[in-house]
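Report on the structure given below.
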Amino acid sequence: MRITLLLLALVATGLSLFAGAARAASVPPGGSITFLNVNNGGTDFVPPGGDLLDSDSRTIAVTYNAPPGGFTFNEDNHTQVHFKSEVRRDPITGKLSFLYQLDEVDDMRAGFEGASATYTWFAGFDTDLTGDGKRAGLVVSRSNDGVNLSANGGGMGEGGPPTLALATDATHFDRNGSITLMLKDEFAVNDPSSGVEVIRAATATADIARLTQASERWRKYARA
């Protein structure tokens, strides 16, 4: 997957799919990029513009696993996160941009001690990336083969589920993409060795399937 800088795309097209999002940049295979939050020198995240082709909104149910060693939960070990995706077409170039947004629901746990996501798609397409630094900043790394992206939304009480947007040179898309989300939060649990309630971190994973992704299929996209 060859990735080009957004500034080069602007010179070529005169149009930015991420108007106002000065942080968009490339991530080469094996590389990484950090998006700071607005309180630490970052800029506001601006979702992609263009003609809306497809959107998706879901509430994702997540169940935490008890810490190893026989600990048991003394409180509800479930939470929810909100997922939103969009596909937009640049009206001049016809190229597609993709939004993948994950947010906490009300005051529910959402990876305050650790939040990350792995995205699998976009091999073979030029891609410019921007991300939402939220509270703790966002670090996005790319696998050595260039196929996968991993986004780390931070932790230490300030973490949050990642939000990414990508401008691509794709002109078609399908629903074969996926995200694996990992959350880490603190819970009151029972210590089996003492019978005393203690606070420990517990982790949870959730797979989000049927995501829109760039496609090489030369036929009109139809919702399944």
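The values are calculated or read from the model by the stated rules, or taken from the named source; none is laboratory data. Since this is a predicted model, take the numbers as computed values, not measurements. For neighbour counting, all protein chains shown are included, and Cβ atoms are generated from backbone atoms with ideal geometry for every residue, glycine included.
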### Query
What residue, among those in segment 89-114 that are charged (D, E, K, R), closer than 21 Å to residue 45 by Cβ and within 17 Å of the chain's Cα centre (by Cα), is surrounded by the most Cβ atoms within 10 Å (Cβ to Cβ)?
104
### Query
Take the residues of segment 171-224 that are in contact with a Gly (Cβ under 6 Å, 6 or more places away or on another chain) and buried (at least 20 other Cβ atoms within 10 Å of the Cβ): which is modelled with the highest pLDDT?
183
### Task
Return only the number of the condition from (1) in a loop (DSSP other than H, G, I, E, B); (2) out of contact with any Ser or Thr (no Cβ under 6 Å at 6 or more places or on another chain); (3) touching a residue at least 24 places away in the same chain (Cβ under 8 Å) that residue 125 does not satisfy.
(2)
### Task
Tally the residues that are at positive phi and of a type in the set (D, E, K, R), restricting the search to segment 57-113.
1
### Task
For residue 159, indicate whether it is assigned to a loop (DSSP other than H, G, I, E, B) and under 16 Å from residue 131 (Cβ atoms).
yes
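Rundown of residues vs (1) over 26 Å from residue 138 (Cα atoms); (2) part of a loop (DSSP other than H, G, I, E, B), yes/no style:
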| position | (1), (2) |
| --- | --- |
| 39 | no, no |
| 61 | no, no |
| 79 | no, no |
| 87 | no, no |
| 94 | yes, yes |
| 98 | no, no |
| 103 | no, no |
| 108 | no, yes |
